[in-house]
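Below is one structure; the comments refer to it alone.
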């Protein structure tokens, strides 16, 4: 991405006024990819051990560090987009190093050192079989959001800045459903592997209930107080208005993602990662992107209308997940019979 950053900025319809800043932002953030990989690996170890709190705590600390870094580097030192990028990478590094310190202090219930790093064809094949669909899913869903960003960038630098702030806030908004999803995946995997499917389904139900409760609170704040939340990152009234409009749509989406992310955690825990990939790709490219494009032509142009593509898509994905869960239940019932 150090070489592809300018071309990526062109593809994203980046406004001319923000082009150089965007290229710089992409290069700096992509330079911190190692920290993203490190955090995800360490977080997976915690969750595999049944500790879902520690990854949430470390990413929460990283998020707070990111905000503080933004204030210091962007407002304090006037570094603009580059300062925001450095703050993001630094917060990811803090998360990784904090996780390593916790592991060193608490220890692991199994030995792990350089001598334990060995090539095991059987284990690697299993990891790739389960992980490749999720990697493809995340990659393509990420690309779909970049396409939506390119659609919004056509409306100028104010809209682009507004969506940038909204995406930062959405990252926080989605922390809870993502955390529930990851926790459910761990609990379900443990019970599904022990052939205790009833407990796995119970984990899904309780996960949805808890996630929905939290999502209602966050959704309320995002829908009715989006301008206040956006004001944390910008003093510009127009940018805050644009951000708040987009947040309203995601406030609605919060309610539906509380179901979807729990479903995805359940299916991941059951090893049904291929289905997770398929429904995600259908949602991204058959629904979210086309709907965003269609809604972008509604007059007067509103980021709220474009953002509504997200909850519309999530509803359809929830239906797909519910139907697939019913099919799994039938198949499980018939085989037990």
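Here are a few things to note about the model shown:
- Residues of the range 307-337 classified as part of a helix (DSSP H, G or I) and modelled with pLDDT under 90, total: 9
- Out of 135, 159, sole residue that is on the phi < 0 side of the Ramachandran plot, part of a helix (DSSP H, G or I) and crowded, with 17+ Cβ neighbours inside 10 Å: 159
- Residues that are within 30 Å of residue 64 (Cβ to Cβ), modelled with pLDDT of 90 or more and within 15 Å of the chain's Cα centre (by Cα) do not occur anywhere in the range 151-162.
- When we screen 271, 283, 226 for residues that are at pLDDT 90 or above, closer than 26 Å to residue 332 by Cα and either surrounded by fewer than 24 Cβ atoms within 10 Å (Cβ to Cβ) or assigned by TED's automatic domain parsing to the domain that holds residue 132 (or both), the only hit is 271.
- Matching residues, the range 167-214, being surrounded by 21 or more Cβ atoms within 10 Å (Cβ to Cβ) and more than 27 Å from residue 63 (Cβ to Cβ): 200
- Search result, residues across the range 39-65 that are in contact (Cβ under 8 Å) with a residue 60 or more places away in the chain and farther than 28 Å from residue 203 by Cα: none
- Filter pass, residue 126 being surrounded by fewer than 16 Cβ atoms within 10 Å (Cβ to Cβ), touching a residue at least 40 places away in the same chain (Cβ under 8 Å) and either over 30 Å from residue 287 (Cα atoms) or over 16 Å from the mean Cα position of the chain (by Cα) (or both): no
- Selection of first residues in the range 237-249 that are more than 19 Å from residue 296 (Cβ to Cβ) and of second residues that are modelled with pLDDT under 95 and in a helix (DSSP H, G or I), restricted to Cβ pairs under 6 Å at least 6 apart or on distinct chains, gives the following pairs, ordered by first then second residue: 240/227; 240/230.
The values are calculated or read from the model by the stated rules, or taken from the named source; none is laboratory data. It should be emphasised that the depicted structure is a prediction, and the values quoted were computed from it without experimental measurement. Every residue, glycine as well, gets a Cβ built from its backbone with ideal geometry; the counts of neighbours run over all protein chains shown.
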